[in-house]
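**Q** Please see the structure below; I have some questions.
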Amino acid sequence: MLQLTKSRMQLSQTTIEPIELEKISDLCTRATNLVYSCTSEFRRIRDESRSTIKETDAKSPDSLESRLSYQRNNLEKLLSALYHCHEFAQSHEALLANKPCLLVMGEAGTGKTHLLCDVAKQRILLSQPTIVLLGGHFNNSEPWSQIIKELGLTCRNDEEFLGALDAAGQACGSRALILIDALNEGEGRLLWPKYLGSILTALSRFPHVGIAVSVRSSYERLVIPHDLADKRFVKEVHSGFADHEYDAAGRFFDHYNIQRPSIPILTPEFRNPLFLKTLCKGLSNRGLVSIPDGLDGITAVFNFFVDSVNDKLAVDLKFDPRGRYVQKAVSKLVAQMAEKRQAWISRDEGSDLINGVLPRLEHLSSLFHGLVSEGLLSEDIARLDYDSQTDDVEMIRFSFDRFGDHLMASYLLDKYLEVPDPSASFGEGKVLHDFVKDESAIWQYRGIIEALSIQVPERTKKELTELVPTIKTFEAVQDAFLESLRWRKPQDIGKSALEYINTIDMHSEYSHDQILETLLTVAAKPDHPFNAKFLHENLRRQNLADRDANWSLFLHRQYKSKSSVDRLIDWACSTSDKSYVTDDALTLLAIPITWFLSSSNRFLRDRSTKALVLLLEGRLQVLGTLLQEFSDVNDPYVSERLFAVAYGSSLRSTDREGIQKLAQLVFDMMFLGDAPPPHLLLRDYARGVIEVAQHMGLSLKIDTKKIRPPYKSLWSEPSKTTEELEAEYCPTDWSKDRAFGDIWNSVMGFGDFARYIIGTNSHHFDWSNERLNQRRKPSRKKLCEKFEKSLGVRERNAFSKYVREREMLELSRRGQNILEGVFHYSEAELDSRVSALEKALKKCLSKPQLKRFHEVVIPYLNNPHVDEFAFDLSIAQRWIFERIVQLGWRPELFGEFDSAMHEYSRHPDKAERIGKKYQWIAYHEFLARVSDNFKFRGDTWSKMGQTYQGPWQSYWRDIDPSLLLPIRETAGSDSSWWFAEPLDWQTDLDDVSWLKSGIGMPNIEALIKCLNPNDGTSWLMLEGFFSRVQPAPPDEEQYDTARRSWHLILKSYLVRKRDAKAVFEWAKQQDFMGRWMPESSDLTQVFLREYPWAPSFEYKDTPYFNHTSWSRHGRRGNRTIPGSILVTNDEYLWERGYDCSIEGPIRIKLPSKEIINEMKLHSTNSPGDFIDSDKTVVFMDPSLTQRGPSVLLAREQNLASYLRDKKYEIFWTILGEKNLIGGPHRSEDWKGRLEINGAYRIDSGKLIGQLNTVFKTKN
C-alpha cells in the first residue's frame, strides 16, 4: 500500500513525465487480492463464530461479529478505492498522459467535428495552444507542408514548426494539441496510410505536443494503418448522444414541439445529433406535432425532410410548393455528384445548378441560400492541390453524409436499374457493377452499399445479395444488410431476408453479435418481422446450455459497450414518462430484457431485474402477459428473476385490480397443483405476490395452505458416489485438460462455493437428516441416559465410575496434565483403570443390557460430540454436481469462457462463470427439495423448535426487487439543511483544551429541530449517527499522527404521558456509554416494502432479534427504566453481498411498526418516505435523495398531533465522544477523551434538556 500511495502521487502532479500506470495497476491488483483474502478470512471466522455464539450476543456492538462487520466495511471501502484507482490507471484518460495520440472514431453525424472544435474552444479560453485542421482540406501530398501553408506560417519544415509548438506548450504548462478532423474525407484514404506513421514519429520527439484525429468508424481500416491504430493511438469511440439518447431525443422533440414516439427510441441513429435535427426539422417545417404513420423507413425520412424543406421555403421565398423546386434542385445536385463519384460539388457549380431551378437576383432570397440555411446543404472550403498555385476551392455537400449516400443511391437506381431484370443491372459493363465488382469497391463505396441495401428491396422486393450473389459473403455487405433491417419498412422485409441471415457465419463472433444486436434494435417495433417475438421464439426453443453458449456470452460481451443491451436497460431505468408507450410495445421491450435475466453477469442480471420492476410496476397487465409468455422457459435463472420482478412490482404498485389479477395468475401458474417448481427463491417470490394481495384484502380463489411451505417435491439421493464422480469428471492432468476441473473444485473440492455456500468449511447446514412427518428417533445421548436410568444401584455406581474415569483419561490425552498432580495417575495408569472398570461393569450387566452397552453406549462415549442428526454435506455436493451436468454444462461450450472468468476475482459481486450460474440453479433447487423433505434446524443455539418459513431465515435472498434507489449527487461535503457540519477544528487550541471543550460539536437543539428551507416545513430528527475525523494534510497519511475526532449518536423514544416526567429526570442522570438503552436493530433479509407487515418481517419482529416494542429494560436486561418506552425507529439494512444492482450496503431509517400502524401511514416508491391519508410525507430519510447523513426525520406538526392523540411524549438521548485517534499507541501518549451524555424533551412546544460531559484520562 505504501508503494501504491507513492505511485499515486504522480497522478496529482501536473507533468509530462511518464506515469507508472502499469505499476499502479499491478499494485492495485495485488492489494485487491490481499483484501479479498482478508474478507474471506473474516467470513470464515464469522461463520465459525455463528455456530457457537447466540445471535442476540452476536448483535452486541462489542461482539466479534460486530467488530468483524466494522472491519469488513472498511475493507469494502478500500476495495472500492482500489477498484477506482485500477480502473483509472487503465483508462484512456490516464493512457493519454503517457501516449498523447488520440484516435476518435464515430459514425457520420455523431458530432466528432463539434467535439474537437469544442475542445479547441475550451483550451483557447485557457490560453492553451491548439490547432484545428479539417481532413477534407488535405490532398495526396506531404502533409506537414500543407499544414504550414494552411496556417499561413513561414516555418521551413516540420522540425521548426513542431519546435515552436513544443515551446508554446512548455511555456503554458500544458501540451499543445493538433486536432485533425475527418481523416476519411478528401483524399484521406490515399494520404494518411502513407504519412500518418511518420507524423506520429515526428511528434514523439516533442513531449509538449499531442495530437487527436477523428475518422468515421467505417473508414478506419482504410485510413488508419492497422499497426498504428492498435499500438500508437489511444482509441475512443464518440457515440453522439449515446447513454443520453432518450434525454437528447426528448429535448429535440420538445424544442420542435413534437410529440414523443409511441415506442422507445432504440435505433442507434437517434444517438446521432445530425439525424435528430434532420428528422425534427422536417416535422417542424411541415407544421406537424407528431411523427406520421408510415415514416418508418430511412428513405421515407429523407424524402420527408426534403419535402418539408420545399414546403417551408415555398412560404419564405414565395413560390408555389407544387413546383417542387427543392426536389428538382436536389436531383440536379445528386446527379452531378453521382456521375462524378464524389460527395461534393464546387460552390459555383452548385449555386448555378440550384438557382437555375428557381432564378432570383438577390442572394438572401435565392433557393441556394435557402437550402443552406435550412441545413440541407453545408458549405466548405478546401485546397485540392497544394503543389499548384490554384486557390482554395469552395464546395457544398449534403449536411448529413448518409442523406447524400441515399440520394445518390436513389439517383443511380432511377437511372440504371433495369426493373424487368434487376440482376442484369449489376452485370459487367453496367454502371452499377462498378460499385459491387469486388470487395475493394464495396469498401470504397460503403455508404452507397448501405443505401442500396435499403432501397433495392423497396424497389424490387429482392435483397441486394439476391441480385449480386457474389458479394453475399463480404463482411461490409453483411453489415450493410443488417443495418438496413433497422430502417426498412416492415413490408419490404421478406423470407429472403431470413434466408440471408441464416447464411451468415454464426461461428464468427463478430457476425453473431451483429445479428443479435440488430434483433435487439428492432425488438420494440410491433410490425417488424424480426421484432422481440421472433427473438423470443428462437431463444425459447433452444436448450439451456446451447442458448447460454450463444446468447449469454453475447450479453456478457455487449454489456457496458454502448450496445442495444445497454440502451434497452437504460431506457427502462430512465425516469422519463413512459405512459405514451403502448402495452404491445412495452411487452416487446420487456421480452429481451427478461432474456437478459439468463446472464451469469451479476451486474447485467441484477440491473435488468430492477429495470423490469421500474418498467412494469405501473403496467401489471403487461407483467401478466410476460409471465405467460415465459411459463415454459427452460432456464430457472430467468423464471426465478421474472417472479422476483412480479413480486417487486406488486410491492410497489398501487393498482389493486392489477395486483388481484396478477396474484390469481401466479397462484394458478405456480400453486394450483401440489408441487410448485422446486426452487427456493422462485417459490418465495411467487408466494410474495399472493401475500401482497392478501395483505391488501383482495379477493382471491386460492388455497392459502398451498402457497406456504412445506411444499411437495420428491427427494432423490445422488445417483453416484464421490469416488464414481471423481473418476468420471475430475481431471487427471490439470495442466493439459481442465475439463470439469473448475466445477469440480468449486463444488466438490475446496472452492469458496463448497466451503461457504454449501458449508463444508463450518459443517453447518440449516436442515437435519431427519425426514419431515416422521417421529424423531431418540438421540444417542438420550439413549445413553435411558440406559443409565435402567440400571440398578450397583450397576449405576459401576457405570458412573467408569464414565468419570473415561473423562479423566480423555482430559489427560488432551494434555491437561494438571489432573496428574491431583489424582496421582499417569495416562497409562488411567488407561489401565478404565479397562478394569469396564470389565467390572460388564460383569454387572445382563445380556440385554450388555448388548445396549456395546451398540449404544460405547459409540456415544467414544464420540459424544458428533451431531448424529447433521445432514451429510457430501450428499449436497454430489446432488449439486450431478444437477450441473444434467443442466448441460460442458467444457467444450464454456471451458474457455469460465477459465477466463475464474481468474477475475473471488469477490461475490462480479460477473460470474456460466458454471457458477448452474451451481446457483442447482443449489437453490437442492435447498427447495431439502426444505420439502427434511426437518429445519436453523439457529442451532435457539432452544425453540423451528420450522422452515422462508429464505429470510438465513442469507439466501440475493436481491431486493422492491428497492429502487434514486440517483443523488455524491460529490461535496455532508453539510445539509438537516445537518450543519462543524468544519472548524479549532487548531489554535492545544489537544487537551480542545478535548475538554464543547466546541466543534453539532448544536443539539439545531440537530433535533430543523427547518427545510425548500418549503419552510419544520422537522424533528428522531435518529442519527454523526462522526468526523480531522483531515490530514495532503502529504501525510491520515493516521500517521494523532487526529481529532468526534462522534454523536442521537436516539429518541416514546413514553406514555403519565411516565414522561419520571423517565426524563432519570434519563438526564444516565451514562449511556456501552449503548445499553433499547435501540433499533438491523432488519436484514427483509425487503424494504415488506416492512412492517410481511411474513419475513413478522419472523424478525421478536425479542430474539432485538425487537421488543414497549419495554422498561435495557438491551442486556441489567438496567431498569422508570417507565415503558418505545424506540421510534427501525433500520432497514441490505448488504451488497451478491447484489450488483447497488454500490454498497444500503441503510434506511424507518419509523417503528407501532408508529406506522397507529398513524395509519403508508410507504411510497420513494425509499424511506411514509405518507398519511392526505399523501403528506410524515417521515423520511432525506439522505436517499440529497447529499447528507442518514437520519430519520418526522414532520413536527403531524408528530405533535399524534403524540397528543395517543397521550405520548417523546424524549431524546445523546451519546457522544471527543477523542484523538492515530499516531503512537503508547499509553503514556494518551491525552484523554471527553464523554458526552444528555437527554432532551419537548415541553410546551419548547425543546429543553441538558448535556453532561466527563473528561476521562489514564488516571
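**Q** Got a sec? Which of GLY673, GLY648 is assigned to a helix (DSSP H, G or I), of a type outside the set (Val, Ile, Thr) and either out of contact with any Leu (no Cβ under 8 Å at 6 or more places or on another chain) or surrounded by 22 or more Cβ atoms within 10 Å (Cβ to Cβ) (or both)? Let's see the steps before the verdict.
**A** Details: GLY673 fails: assigned to a helix (DSSP H, G or I).
Within the list GLY673, GLY648, the selection yields GLY648.
**Q** List the helices (runs of 4 or more DSSP H) inside the range 408-488, counting only whole elements, that have at least 2 residues being out of contact with any Lys or Arg (no Cβ under 8 Å at 6 or more places or on another chain) and within 25 Å of ILE345 (Cβ to Cβ). Steps first, answer last, please.
**A** Numbers: elements: 433-436, 439-444, 446-460, 464-467, 475-485.
Qualifying helices (runs of 4 or more DSSP H): 433-436, 439-444, 446-460.
**Q** Additional query: Report yes if some residue within the range 804-812 is out of contact with any helix residue (DSSP H, G or I) (no Cβ under 6 Å at 6 or more places or on another chain) and either touching a residue at least 24 places away in the same chain (Cβ under 8 Å) or closer than 30 Å to PHE934 by Cα (or both); otherwise report no.
**A** no
**Q** Within the range 193-218, take every residue that is hydroxyl-bearing (Ser, Thr, Tyr) and more than 34 Å from the chain's Cα centre (by Cα) and give me the one that is farthest from LEU162 (Cα to Cα).
**A** Going through the range 193-218, the residues hydroxyl-bearing (Ser, Thr, Tyr) turn out to be 195, 198, 201, 204, 214, 217-218.
Subsequent filtering for residues that are more than 34 Å from the chain's Cα centre (by Cα) retains 195, 198, 201, 204.
Values: TYR195: 16, SER198: 13, THR201: 12, SER204: 10 Å.
By that ranking, first place goes to TYR195.
**Q** Across the range 182-208, which residue is nearest to GLN170 (Cα to Cα) among those that are outside any helix (DSSP H, G or I) and touching a Gly at 6+ places or on another chain (Cβ under 6 Å)? Write out each step before concluding.
**A** Let us first name the residues in the range 182-208 that are outside any helix (DSSP H, G or I), namely 182-187, 204-208.
From what's left, touching a Gly at 6+ places or on another chain (Cβ under 6 Å): 182-183, 185-186, 208.
Values: ALA182: 28, LEU183: 28, GLU185: 32, GLY186: 33, HIS208: 6 Å.
Looking at residues that are outside any helix (DSSP H, G or I) and touching a Gly at 6+ places or on another chain (Cβ under 6 Å), I get HIS208.
**Q** To continue, here is another question. Please specify each residue of the range 997-1012 satisfying the condition of being part of a helix (DSSP H, G or I) and either in contact (Cβ under 8 Å) with a residue 60 or more places away in the chain or among the small types (Gly, Ala, Ser) (or both). Before the answer, list the steps.
**A** Step one: list which residues in the range 997-1012 are part of a helix (DSSP H, G or I), which gives 1004-1008.
ILE1004, GLU1005, ALA1006, ILE1008, listed by residue number.
**Q** A further question follows. For LYS472, only one of the following conditions fails: (1) over 23 Å from TYR411 (Cβ atoms); (2) within 39 Å of the chain's Cα centre (by Cα). What is its number?
**A** Condition (2) is where LYS472 drops out.
**Q** Tell me yes or no: at least one residue of the range 630-652 is under 17 Å from PRO592 (Cβ atoms) and among the polar types (S, T, N, Q). Let's see the steps before the verdict.
**A** Initially, the range 630-652 is screened for residues under 17 Å from PRO592 (Cβ atoms), giving 630, 633, 635, 637-639, 641-642, 645.
Narrowing the set further to residues that are among the polar types (S, T, N, Q) leaves 639.
Yes, the range 630-652 has at least one match.
**Q** For the structure I just gave you, tell me whether GLU1037 is within 35 Å of the chain's Cα centre (by Cα), of a type in the set (Asp, Glu) and exposed (fewer than 13 other Cβ atoms within 10 Å of the Cβ). Steps first, answer last, please.
**A** On the way: within 35 Å of the chain's Cα centre (by Cα): yes; of a type in the set (Asp, Glu): yes; exposed (fewer than 13 other Cβ atoms within 10 Å of the Cβ): yes.
Taking the combined requirement at face value, the residue satisfies it.
**Q** Which numbered condition in (1) under 21 Å from LYS1246 (Cα atoms); (2) in a loop (DSSP other than H, G, I, E, B) is the only one that GLU1037 fails?
**A** Of the numbered conditions (1) under 21 Å from LYS1246 (Cα atoms); (2) in a loop (DSSP other than H, G, I, E, B), the odd one out for GLU1037 is (1).
**Q** From LEU893, LEU837, grab the single residue that is in a helix (DSSP H, G or I) and either loosely packed, with under 14 Cβ neighbours inside 10 Å or not assigned by TED's automatic domain parsing to the domain that holds TRP920 (or both). Full working, then the answer.
**A** Numbers: LEU893 fails: either loosely packed, with under 14 Cβ neighbours inside 10 Å or not assigned by TED's automatic domain parsing to the domain that holds TRP920 (or both).
Of LEU893, LEU837, the one residue that is in a helix (DSSP H, G or I) and either loosely packed, with under 14 Cβ neighbours inside 10 Å or not assigned by TED's automatic domain parsing to the domain that holds TRP920 (or both) is LEU837.
**Q** Please enumerate the residues belonging to the range 975-996 that are free of Cβ contacts under 8 Å to residues at least 60 places away in the same chain and charged (D, E, K, R).
**A** Those that are free of Cβ contacts under 8 Å to residues at least 60 places away in the same chain and charged (D, E, K, R): GLU981, ASP984, ASP988, ASP990.
Per-residue answers, yes or no, for (1) surrounded by 13 or more Cβ atoms within 10 Å (Cβ to Cβ); (2) among the polar types (S, T, N, Q); (3) modelled with pLDDT of 90 or more; (4) not in a helix (DSSP H, G or I):
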| site | (1), (2), (3), (4) |
| --- | --- |
| LEU333 | yes, no, yes, no |
| LEU361 | no, no, no, yes |
| THR390 | no, yes, no, yes |
| ARG397 | yes, no, no, yes |
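**Q** Then there is this: Looking only at the range 79-91, count every residue that is within 15 Å of VAL234 (Cβ to Cβ) and in contact with a Leu (Cβ under 8 Å, 6 or more places away or on another chain) and tell me the total. Step through it out loud before you land on a result.
**A** Going residue by residue through the range 79-91, those that are within 15 Å of VAL234 (Cβ to Cβ) are 88-91.
Narrowing the set further to residues that are in contact with a Leu (Cβ under 8 Å, 6 or more places away or on another chain) leaves 88-90.
Final tally of qualifying residues: 3.
**Q** Another question, then. Just need a number here: residues in the range 106-150 that are over 22 Å from LEU377 (Cα atoms) and either touching a Gly at 6+ places or on another chain (Cβ under 8 Å) or in a loop (DSSP other than H, G, I, E, B) (or both).
**A** Number of matching residues: 8.
**Q** Could you list all residues from the range 710-739 that are outside any helix (DSSP H, G or I) and within 22 Å of ASP872 (Cβ to Cβ)?
**A** Just the residues of the range 710-739 that are outside any helix (DSSP H, G or I), to begin with: 710-721, 730-739.
Passing the criteria: PRO710, SER713, LEU714, TRP715, SER716, GLU717, PRO718, SER719, LYS720, THR721, CYS730.
**Q** Here's another thing I want to ask about it. From the list LEU614, LEU568, LEU586, LEU604, exactly one residue is crowded, with 22+ Cβ neighbours inside 10 Å, among the aliphatic types (A, V, I, L, M) and touching a Cys at 6+ places or on another chain (Cβ under 9 Å). Which is it? Quick ask: steps written out before the conclusion?
**A** On the way: LEU614 fails: crowded, with 22+ Cβ neighbours inside 10 Å; LEU568 fails: touching a Cys at 6+ places or on another chain (Cβ under 9 Å); LEU586 fails: touching a Cys at 6+ places or on another chain (Cβ under 9 Å).
It is LEU604.
**Q** Hey, does the range 1140-1159 have a residue that's more than 26 Å from THR1108 (Cα to Cα), in contact with a strand residue (DSSP E or B) (Cβ under 9 Å, 6 or more places away or on another chain) and assigned by TED's automatic domain parsing to the domain that holds MET1021? Quick ask: steps written out before the conclusion?
**A** Restricting attention to the range 1140-1159, the residues satisfying the condition of being more than 26 Å from THR1108 (Cα to Cα) are 1140-1144.
This time we only want the ones that are in contact with a strand residue (DSSP E or B) (Cβ under 9 Å, 6 or more places away or on another chain), so: 1140, 1142.
Retained after the next criterion (residues that are assigned by TED's automatic domain parsing to the domain that holds MET1021): 1140, 1142.
Yes, the conditions are met somewhere in the range 1140-1159.
**Q** Looking only at helices (runs of 4 or more DSSP H) that fall completely inside the range 503-578, which ones have 2 or more residues that are in contact (Cβ under 8 Å) with a residue 12 or more places away in the chain and within 28 Å of GLU466 (Cβ to Cβ)?
**A** Working: elements: 509-521, 532-540, 544-547, 553-558, 564-573.
Fully inside the range 503-578 and qualifying: 509-521, 532-540.
**Q** From the residues in the range 73-118 that are out of contact with any Pro (no Cβ under 8 Å at 6 or more places or on another chain) and polar (S, T, N, Q), which one is nearest to ASN184 (Cα to Cα)?
**A** Going through the qualifying residues, I end up with THR113.
**Q** Scan the range 2-51 residue by residue and report those that are in contact with a helix residue (DSSP H, G or I) (Cβ under 6 Å, 6 or more places away or on another chain), modelled with pLDDT under 75 and over 26 Å from THR760 (Cβ atoms).
**A** GLN3, LEU4, SER7
**Q** Continuing with this model, one more query. Of all the residues that make up the range 894-932, how many are of a type in the set (A, V, I, L, M) and modelled with pLDDT under 95? It would help to see each step written out before you state the result.
**A** Pass one, the range 894-932, residues of a type in the set (A, V, I, L, M): 900-901, 911, 914, 921-922, 927-928, 930.
Adding the requirement that they be modelled with pLDDT under 95 leaves 900-901, 911.
Number satisfying all stated conditions: 3.
**Q** Among the residues of the range 318-327, which ones are closer than 15 Å to LEU377 by Cβ and either surrounded by fewer than 17 Cβ atoms within 10 Å (Cβ to Cβ) or of a type in the set (S, T, N, Q) (or both)? Full working, then the answer.
**A** Within the range 318-327, the subset closer than 15 Å to LEU377 by Cβ is 325-327.
The one that is closer than 15 Å to LEU377 by Cβ and either surrounded by fewer than 17 Cβ atoms within 10 Å (Cβ to Cβ) or of a type in the set (S, T, N, Q) (or both): GLN327.
**Q** Go through ILE1146, ILE1221, ILE1210 for me and flag whichever is of a type in the set (Val, Ile, Thr), on the phi < 0 side of the Ramachandran plot and modelled with pLDDT of 95 or more.
**A** Working: ILE1146 fails: modelled with pLDDT of 95 or more; ILE1221 fails: modelled with pLDDT of 95 or more.
The conditions single out ILE1210.
**Q** While we're looking at this one, here's another question. Going by the conditions given, is LEU1150 under 30 Å from ARG602 (Cα atoms) and assigned to a strand (DSSP E or B)? So that I can check it myself, show each step before the final result.
**A** Numbers: under 30 Å from ARG602 (Cα atoms): yes; assigned to a strand (DSSP E or B): yes.
In short, yes.
**Q** Continuing with the same structure: Name the single residue that is farthest from GLU728 (Cα to Cα) among those in the range 740-780 being surrounded by 13 or more Cβ atoms within 10 Å (Cβ to Cβ) and of a type in the set (D, E, K, R).
**A** Checking each candidate, the answer is ARG780.
The values are calculated or read from the model by the stated rules, or taken from the named source; none is laboratory data. Worth saying up front: this structure is predicted, and the values here are computed from it rather than measured. Please note: Cβ atoms are built from the backbone with ideal geometry, for glycine as well, and neighbour counts cover all protein chains shown.
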